[in-house]
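Just so it is clear, none of the values below were taken in a lab; they were calculated from the coordinates. Nothing here was measured: the structure is a model prediction, and the numbers come from that model. Don't worry about glycine lacking a Cβ; one is built from the backbone with ideal geometry, like all the others, and counts go over all protein chains shown.
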């Protein structure tokens, strides 16, 4: 297995937590990985990016060469466009459509979404909505991990222990929110792709997913996750 | 052997711990901060054992001197800092080459090519050469670990401090690393037997320097046989690469180029000569200044192979390397890729919502509005973001602590009002010394100390003089207590704070206004 992943978002959105889960899933499989990130002045509420490379061979550059990323995964729609040149011909763009508008000249969201949908392989999820359904908008990062992580060949069950480890110092409630977010992301991505393949526009596909009642969505997400490889959650929300 | 997931910074830190250090010393600075943070976390989890000591020092000079004291006592020490921090530590660094090291002393310095979080991209390899000290330049996290362990051994074998040079893309990149199961036995306490070697009166210094020159010549001669420098001769096109540049070369190339891989300085002169004699042309790939390129080609160029690199425009003269720049320089065929989106709105860093600096700048900018000749000098920290919209408040940022000295100089030159904004940690780092002089001569200027009780930009490390302690310190430095004012930067106090500030601006002497409110990030921790 070999994968180059660009993780993008805005400082504070928790893309390093996504990286943590992916790295540890790779490690568990005995793979090599390198994961490069930015700190300091480069972070304060600005755009952030992490380069993650996974391979069973030796990995040289910490930075992904342009045109070789298998996945651009972003918790924010504008940020994913910044890394367009990294995408490989067969690569996929998986992004949240929830904007972070902390700059005065944030462009029209429709335009951003339209540009994302021009990539041959793409998937859109509403990170904030799904995070909220899971229990917190802040879990949008785990939603995106669920939405895009399995494209690399991992199962949700491989991410789950690391999601737990990330939040082990918080309450069980927080752990459960993030595990649910993971499952919801996976289901929402699957449904979005099915709708688009069936001929719906991206907006229609997003709307269709968004209209599913939260309780039903959560149940289906849990059932899908269990069917695809065993995800256990504590009872109680 | 076991496997750990480590940032390049953390690999250095763990190696130092495994080398049995007594203490690690540092001042926060991206991209080196995580080195001491790792030692701190390890020390905390050692069941209250006080060893190794993990110390955030007032500045990098002090950090280096503290490490030097540990070395004097026969024990091992790690000192770490960012590249510009070495400018601050340069005095003890250069002179420690003459005293030598007793217990192993390793300086880990993290350069920032591309200036992700710095005012320049200076290359620390020049410092090692300048001081006549050996240096390692790892390419990856495993080498960062292995070479730091080797550096401690070298330091005791040669009796010299040793540098380990990282760059941002290694410091802040994570990978799996094979590490020792257990640390080595720490050295026992044993102070230097010949204190005259450490007392640099001219009579001693001349002898020590002659000794250093001999040692460095010997190190230069043995560089060719270092296991960390590797020459493989093959085709007529050659590459010299150092540190992380090797990764970019290997990423795009695996053919019959001749390759000289350098990870250990002084430079291996014979290996370089052999490569130059063998090849028709050589590309020099290094992340930082064209240090190796200059050494080889200098003013006269090379009499053998044609040398290409940053000086010839084959690689950019500024900014960090990446695999795409290197593959272009090597003439590797371009890959298909989407067009970059060059029209996107930028998303620069900014102050957090609720940051006390926002209110401080609101008060200060309002207060200064009637004074059209006012200049607000500033310094390094989160508050440097006050240069950007919507604040547009500060008019300079040069180096740690510069704001106070510059404000004094400008005041003496006739600027009025001459003001500066500096953080509490930056103040202790190197603002205090400038304030002493301003107080002694009661220069007509106003100093704003933005006291948020932390070192915020680098992640919230502890600061030394905050709150009441800071006020006492100001009075101790000679500032007139009647002109030390403490305000709380909040919008509800805006009018009152503006009045206080204007009174101090109008005072024809030194005033210090402390704008005190805790960083909201540390409140969240």
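Ellipsoid semi-axes for the protein assembly as shown, based on the Cα gyration tensor and the rule √(5λ), read 42, 37, 25 Å when sorted largest first.
Under the rule a/c < 1.5 gives rounded, and otherwise a/b versus b/c splits prolate from oblate, where does chain B land using the Cα gyration tensor? Judged from the Cα gyration tensor, chain B comes out prolate (a/c at least 1.5, a/b above b/c). The ranking of B:163, A:142, B:457 by Cβ neighbour count inside 10 Å, starting from the fewest, reads B:163, B:457, A:142. Mean per-residue shielding of peptide A:44-51 is 5, counting Cβ atoms of other chains within 10 Å of each Cβ.
Considering only C-alpha atoms, what is the centroid distance from segment A:93-131 to segment B:371-410, in Å? So the two Cα centres are separated by 37 Å. Residue by residue along A:102-108, Cβ atoms of other protein chains within 10 Å of the local Cβ number 3 on average.
Orientation-averaged projection of segment B:76-199 equals 8.3 nm² [convex hull of Cα atoms, one quarter of hull surface area]. Ordering B:2, A:34 from the fewest to the most neighbouring beta carbons within 10 Å gives B:2, A:34. Once a ≥ b ≥ c are taken as the square roots of the eigenvalues of the Cα gyration tensor of segment A:2-227, is the result rounded (a/c under 1.5), prolate (a/b larger than b/c) or oblate (a/b not larger than b/c)? Rounded shape, in that the Cα axes give a/c under 1.5. Counts of other chain beta carbons within 10 angstrom of each beta carbon in peptide B:240-249 average 2. Only residues of segment B:337-364 count here: report those whose backbone N is under 11 Å from the spot 7 Å along Cα→Cβ of residue A:55, or say none. Of the residues in segment B:337-364, none has backbone N under 11 Å from the label point off residue A:55. Placing pseudo-labels 7 Å out from each Cα toward the beta carbon at residue B:339 and residue B:199 gives an inter-label distance of 7.4 nm. Beta bridges per DSSP, both residues in the protein assembly as shown: antiparallel share near 30 percent. Using alpha-carbon positions, what is the distance between the centroids of segment B:9-81 and segment B:117-138, in Å? When both Cα centres are located, 19 Å separates them. Antiparallel as a % of all DSSP beta bridges within segment B:229-329, to the nearest 5? Given both bridge residues lie in segment B:229-329, the antiparallel proportion sits at roughly 25 percent. Per-residue extension of 0.36 nm, minus the Cα-Cα distance of residue B:413 and residue B:464, leaves a gain of 15.1 nm for this segment. Segment B:2-225 has equivalent-ellipsoid semi-axes of 25, 20, 17 Å, by the square roots of 5 times the alpha carbon gyration tensor eigenvalues, sorted largest first. Would you mind classifying segment B:356-524 by shape? Square roots of the alpha carbon gyration tensor eigenvalues, ordered a ≥ b ≥ c; an a/c under 1.5 is rounded, otherwise it is prolate if a/b is larger than b/c and oblate if not. It is rounded, given that a/c, with a ≥ b ≥ c, falls under 1.5. Neighbour counts of C-beta atoms inside 10 Å place B:14, B:149 in the sequence B:149, B:14, starting with the fewest. For the peptides B:15-23, B:498-506, B:229-237, B:94-102, residues were scored by their other Cβ atoms within 10 Å and the scores averaged per peptide; the highest-first order is B:15-23, B:94-102, B:498-506, B:229-237. For the pair residue B:178 and residue A:105, label points projected 7 Å from Cα toward Cβ lie 5.2 nm apart.
What share of the DSSP beta bridges in segment B:160-313 is antiparallel, in percent to the nearest 5? Taking every DSSP beta bridge within segment B:160-313, about 25 percent pair in antiparallel fashion.
Quick check on packing: order A:193-201, B:115-123 by the mean number of other C-beta atoms within 10 Å, highest mean leading.
By packing density, highest mean first, the sequence is B:115-123, A:193-201.
Packing, as the average of other Cβ atoms within 10 Å across residues, places the peptides B:3-10, B:408-415, B:425-432 in the order B:425-432, B:3-10, B:408-415, highest first.
Applying 1/(1 + (r/R0)^6) with r as the Cβ-Cβ distance of residue B:492 and residue A:220 and R0 = 45 angstrom yields a FRET efficiency of 0.35.
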